Every structure is written in C-alpha cells, then in structure tokens.
1. From 48, 53, which residue is in a helix (DSSP H, G or I) and at pLDDT below 90?
2. Quick check, is residue 38 under 26 Å from the mean Cα position of the chain (by Cα) and not in a helix (DSSP H, G or I)?
3. Considering only region 141-159, how many residues are touching a helix residue (DSSP H, G or I) at 6+ places or on another chain (Cβ under 8 Å), surrounded by fewer than 16 Cβ atoms within 10 Å (Cβ to Cβ) and touching a residue at least 24 places away in the same chain (Cβ under 8 Å)?
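The values are calculated or read from the model by the stated rules, or taken from the named source; none is laboratory data. If you're wondering where the values come from, they're calculated on a predicted model, not measured in any experiment. Don't worry about glycine lacking a Cβ; one is built from the backbone with ideal geometry, like all the others, and counts go over all protein chains shown.
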C-alpha cells in the first residue's frame, strides 16, 4: 500500500474534526430544546455510557400480579453485527403467527390453561392450541407455572413487549 502524503493525512484529520464538531453542534441544538431531556431521558443516559460505535438498549417496568417485573438488556452494535441473525429465526418465527400472538395476549391477560383458551373459538381445538403453546414454550415465550398453567416468563415479558412496540412502529 503506497504511503499517504502529509496533505492526504491532514485532509483526513480535517474531515474527522469537522465531523466531530458537527456532532457537537447537533447535540447542543438538541439540548437547547427545553423538552428534549425529558422526552429522551433514556437516550441521553445511553449516550453517556456507550462506545462511539453505538449500542441498543431496551428496558421496561411492567406490573404483574401487583409486583413489578423490571428488566433491561443492552448490546453493543458491533456485537449485533457479528451475530448470525438466522439463529434468531426460531424465536421470531414463534411470534410470527396471529393465533400465537393472540394466545400470548390471552395468557398475559390471565387466561392460563388450555381449557380456558379452548373456551375462545379463535384458538381452535385443543390439539391446535397445544400445537401453538408447545411452539411458544419451545421458543421460551411460555412456560408452565404449575401443571397445565401457562405464563409468560418474567425475563421474557419485557422483550416480548419491546418486540410488539417495535412492530407497531
């Protein structure tokens, strides 16, 4: 590789400085908006803690049976880029069916047994319900609290709600 001239190196440095100065101006413009810090409190906290390459964080506090389920997860962007996204297909596929999403919604709303789910015509026969419930359980979206009583595991509740919120747009 040919050695770069001083002029080329200087031009690269000037471009980098201009980019950094532009970022600072954008940040200052945002902070000048009196409602910005309140509206984007999580984003501002994330900016203070992540590397320049970026990160994705999601969190939530959801009351379940009078107790809060509090959950947070984050991952640097470079680790997301390095993942084999196809390995996540099974988990996402389990959510990609309207009946299974309706089942999860019913379970979240307190309907916890196949017998209770069978009372609702939109879920089909017991066999069809078990088929969907087993797929959701295999993907980790459902578990049994006690024999025959299904729940969304607390550690999966916020991620599920995040996926739904993201799908909503």
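1. Going through 48, 53 in turn, just one is in a helix (DSSP H, G or I) and at pLDDT below 90: 48.
2. no
3. Qualifying residue count, region 141-159: 1.
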